[in-house]
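Please read through the structure below; I'll follow up with questions.
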Amino acid sequence: MIRVALVDDQPLFRGGIAMILASQSDIEVVAQESSAHDLLDMVRDAAPDVILMDVRMPGVDGITATAGLIAAHGDRSPKVLVLTTFDVDEAAASAIEAGASGFVLKDAQPEFLLASIRAVAAGNQVVAASATRQLFERHRARQSSPGPEFERLTPREREILVRAAAGLSNAEIADAEVLSEATVKTHISRILAKLDLRDRVQLVVYAYENGLV
């Protein structure tokens, strides 16, 4: 059972999403909040696996809330799936950099939202929205080439980093690199450790910011 919490300041939208989620046998809505002011208390009391969070809310926005959640819980934090109205929204990119596992448009089809929740609950990321490339290209530009940490990667790890950042799954990388999926998974774990990245979303951000894709 995937435990989901909803954080959105629009009651009608929040209620509609809750009804969709409640219709699924493997998803349980454990909390609903109209703001992120008491997010840490909600996480402590409801213990959600995934938080659907509006990126733009009065008071504490989704970016600040996500950053605070990651700072408080680190790798044990619930996964955050950001909800945004605009397909090109720099706030969504900022939330991903803060630690969110991806973003979904509010007008997405219910099937896509459900698949996205299941994906992030399983430890994957949702970074395949049509505007992802524009988002990261607009939000990058801190440096044009990788720093010394990139030198820690082996040539094979650099190839896998670029393929993963381009959106390939482990199975697709395994086919391209003539490796087993288990070996690819091991390489991905080593890449994240060497670059001090939390997950594949941050890997994508790193690749875009450093001109690798």
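Report whether or not Thr132 is surrounded by 14 or more Cβ atoms within 10 Å (Cβ to Cβ) and at pLDDT below 80.
yes
Give the number of residues within region 177-213 that are in contact with a helix residue (DSSP H, G or I) (Cβ under 6 Å, 6 or more places away or on another chain) and acidic (Asp, Glu).
Matching residues across region 177-213 total 1.
Checking Met53 against (1) outside any helix (DSSP H, G or I); (2) over 25 Å from Leu197 (Cα atoms), which single condition isn't satisfied?
For Met53, the failing item is (2).
Restricting attention to region 1-16, which residues are of a type in the set (A, V, I, L, M), over 19 Å from the mean Cα position of the chain (by Cα) and within 18 Å of Gln109 (Cα to Cα)?
Leu12 - this is the single residue of region 1-16 that is of a type in the set (A, V, I, L, M), over 19 Å from the mean Cα position of the chain (by Cα) and within 18 Å of Gln109 (Cα to Cα).
Out of the residues in region 167-213 that are of a type in the set (Ser, Thr, Tyr) and closer than 19 Å to Pro155 by Cβ, which is farthest from the chain's Cα centre (by Cα)?
By that ranking, first place goes to Ser180.
Can you tell me which residue among Ala65, Ala71 is touching a helix residue (DSSP H, G or I) at 6+ places or on another chain (Cβ under 8 Å) and either part of a helix (DSSP H, G or I) or surrounded by fewer than 23 Cβ atoms within 10 Å (Cβ to Cβ) (or both)?
Residue meeting the stated conditions: Ala65.
Identify the single condition in (1) at pLDDT 90 or above; (2) not in a helix (DSSP H, G or I) that Ile117 does not satisfy, given that it satisfies every other one.
Only one criterion in (1) at pLDDT 90 or above; (2) not in a helix (DSSP H, G or I) is unmet by Ile117, namely (2).
So, one more: Specify the residue that is surrounded by the most Cβ atoms within 10 Å (Cβ to Cβ); the eligible residues are those in region 163-193 that are in contact with a Leu (Cβ under 7 Å, 6 or more places away or on another chain) and closer than 22 Å to Arg76 by Cβ.
That would be Ile191.
Just one of (1) crowded, with 22+ Cβ neighbours inside 10 Å; (2) closer than 22 Å to Tyr208 by Cα; (3) without any contact (Cβ under 8 Å) to a residue 40 or more places away in the chain; (4) among the hydrophobic types (A, V, I, L, M, F, W, C) trips up Ala91, so point out which.
(1)
Looking only at residues that are closer than 27 Å to Ser23 by Cα and modelled with pLDDT under 85 in region 63-86, which one is nearest to the chain's Cα centre (by Cα)?
Here the answer is Thr84.
Among the residues of region 20-30, is there at least one that is out of contact with any helix residue (DSSP H, G or I) (no Cβ under 6 Å at 6 or more places or on another chain), assigned to a helix (DSSP H, G or I), surrounded by 15 or more Cβ atoms within 10 Å (Cβ to Cβ) and at pLDDT 90 or above?
yes
The values are calculated or read from the model by the stated rules, or taken from the named source; none is laboratory data. A quick note: this is a predicted structure, and the numbers were derived from the prediction, not measured. When we count neighbours, we look across all protein chains shown, and the Cβ atoms used for this are built from the backbone with ideal geometry, even at glycine.
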